[in-house]
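I have placed the structure first, in the form of structure tokens, so that the comments after it can refer back to it.
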Amino acid sequence: MKRVITPGTFDPITSGHIDVITRAASISDEVIVAVAASPKKHPLFSLEERTDLAIRALAHLDNVRVEPFKGLLVDFCASMDAHVIVKGLRAITDFEYEFQMTALNYELNQHLETLFIMSPPNYMYLSSSIVREIASLGGDVSQFVPPCVDVALKEKFATALL
Ligand code: PNS
């Protein structure tokens, strides 16, 4: 496979995301990690912060680059001349949502394929939202996120915990 897109909100990027991206990078020439603006999700981290954290967390992967985007994923893929989306699939609860997005993206552009990589058991129940919740309550998330994200979460919630 030549160029693949791994999209997400990455609020923030977790070890589960990094696992999927690493595996996508091992079976393709180039991975573009597409950080979605996702304004409806009211992200904890700004688009710039999420992009910067992803860049730092993935700096060790030579064939991976990170790009922020606003608007439709299918339009971003077209602008990057990419025809393959790779996403992680965790527990069965992900399936309905991913199935809907895959079907709609296919309706919008029939030249776009979406492939899934299954999460390994240790990341099956890991999500950005649960990491945010644990961190917001003062819990230790260092085993779930790269060091730069651990620091960023501590800084983000430092004032809230005072
Ligand atoms: O990590 P997430 O939040 O589950 O990723 C979802 C994401 C960003 C891949 C999805 O919301 C998306 O593609 N957003 C861009 C806007 C878009 O294309 N929406 C229509 C999807 S069918």
(request) Report PHE95's accessible area, 1.4 Å probe, all protein chains in place, as a number in Å² to the nearest 10. (result) 100 Å²
(request) State which helices in the chain qualify, where a helix is a whole DSSP H run, it must extend 27 Å or more along its own axis by its Cα atoms, and its mean Kyte-Doolittle hydropathy must be at least -0.5. (result) none
(message) As an exercise, use a Förster radius of 41 Å and the Cβ-Cβ distance of ASP29 and MET124 to find the FRET efficiency, rounded to the nearest 0.05.
(response) 0.90
(request) Mind ranking LEU104, LEU61 by accessible surface for me, highest first, 1.4 Å probe? (result) LEU104, LEU61
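Rolling a 1.4 angstrom probe over the protein heavy atoms, how many square angstrom per residue are accessible across the range 3-124? Could you put the intermediate results ahead of the total?
Details: 6440 Å² over 122 residues.
Per-residue accessible area for the range 3-124 comes out at 53 Å².
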(request) Could you pull the accessible area for THR93 with a 1.4 Å probe, rounded to 10 Å²? (result) 110 Å²
(request) Obtain the nm distance between the two label points defined at ASP81 and GLU107 by a simple spin-label model: each point lies 7 Å from its Cα along the Cα-to-C-beta direction. (result) 3.0 nm
(request) At 7 Å along the Cα-to-beta-carbon direction for both HIS42 and VAL151, put a label point, then send me their distance in nm to one decimal. (result) 3.0 nm
(request) Under 1.5 on a/c is rounded, so check that first for the range 3-124, then, if it is not, pick prolate when a/b is larger than b/c and oblate when it is not; a ≥ b ≥ c are the square roots of the alpha carbon gyration tensor eigenvalues. (result) rounded
(message) On a 1.4 Å probe surface of the protein chains, which of ILE18, ILE130, ILE27 comes out largest in accessible area, and what is the full order?
(response) ILE27, ILE130, ILE18
(message) If I compute solvent accessible area with a 1.4 Å probe over the protein chains, what percent of it on the chain is carbon and sulfur?
(response) 59 percent
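Just the number, please: percent antiparallel of the DSSP beta bridges in the range 3-124, rounded to the nearest 5.
Roughly 0 percent of the beta bridges in the range 3-124 run antiparallel, per DSSP.
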(message) How far apart, in nanometres, would the label points at LEU115 and ASP140 be if each is projected 7 angstrom from Cα along the Cα-to-Cβ direction?
(response) 3.8 nm
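The values are calculated or read from the model by the stated rules, or taken from the named source; none is laboratory data. In this text the structure is predicted, and so the values were computed from the model without any measurement. When we count neighbours, we look across all protein chains shown, and the Cβ atoms used for this are built from the backbone with ideal geometry, even at glycine. Areas reflect the complete protein model, heavy atoms only, side chains present, ligands, DNA and RNA absent. Shrake-Rupley method; radii C 1.70, N 1.55, O 1.52, S 1.80 Å.
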